[in-house]
Amino acid sequence: MARAAIDPTAPANLRWNFTVNLIDIAFITLGISLVSRDTVLPVLVSTLTDSNLAIGLIAALYGMGIYLPQLFTANFTERLRYKKPFVMLVGSIGERLPYR
């Protein structure tokens, strides 16, 4: 890449961007670990009901929540000319909204 094409403010913002993204990932990881599908949710469901089916559905619902939206949006995003704005909008809302 040519030197003229590089944004001159990029080196000045590098430390800030790195720090903010590191803090963001740390808190997202902490939030996900507090609602662990392997330990916390089965214990919660087992205190609410004695049904083994309900406890077993936790992994299935988690898988559906991860993979089903991708199947619905793949055909739509394939036809978009610019994909980054869609990914930024849907990804940020879908990743952070459930934990607020």
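FYI, it's all coordinate maths here, none of it is from the lab. What you see is a predicted model; the values in this text were computed from it and never measured. A quick note on method: Cβ atoms are made from the backbone with ideal geometry, for glycine too, and the neighbour counts reach across all protein chains shown.
Compared with the dominant principal axis of the Cα atoms in the chain, helix 52-78 is inclined by about 30°. Taking all Cα-Cα distances within the chain, those exceeding 22 Å account for 56%. In the chain, the DSSP-assigned H stretches of four residues or longer account for a calculated mean residue ellipticity at 222 nm of -25000 deg cm²/dmol, using -39500 (n - 2.57) per stretch and the full residue count as denominator. Net charge dipole, the range 37-99: roughly 480 debye, given to the nearest 20, about the Cα centre with Cβ charges of +1 for Lys and Arg and -1 for Asp and Glu.
Note on Q70 and D38: the extension gain reaches 9.3 nm, defined as 0.36 nm multiplied by sequence separation minus the Cα-Cα distance.
Positive-end ranking of P69, S92, L48 along the dipole of the range 37-99, with charges on Cβ about the Cα centre, is headed by S92.
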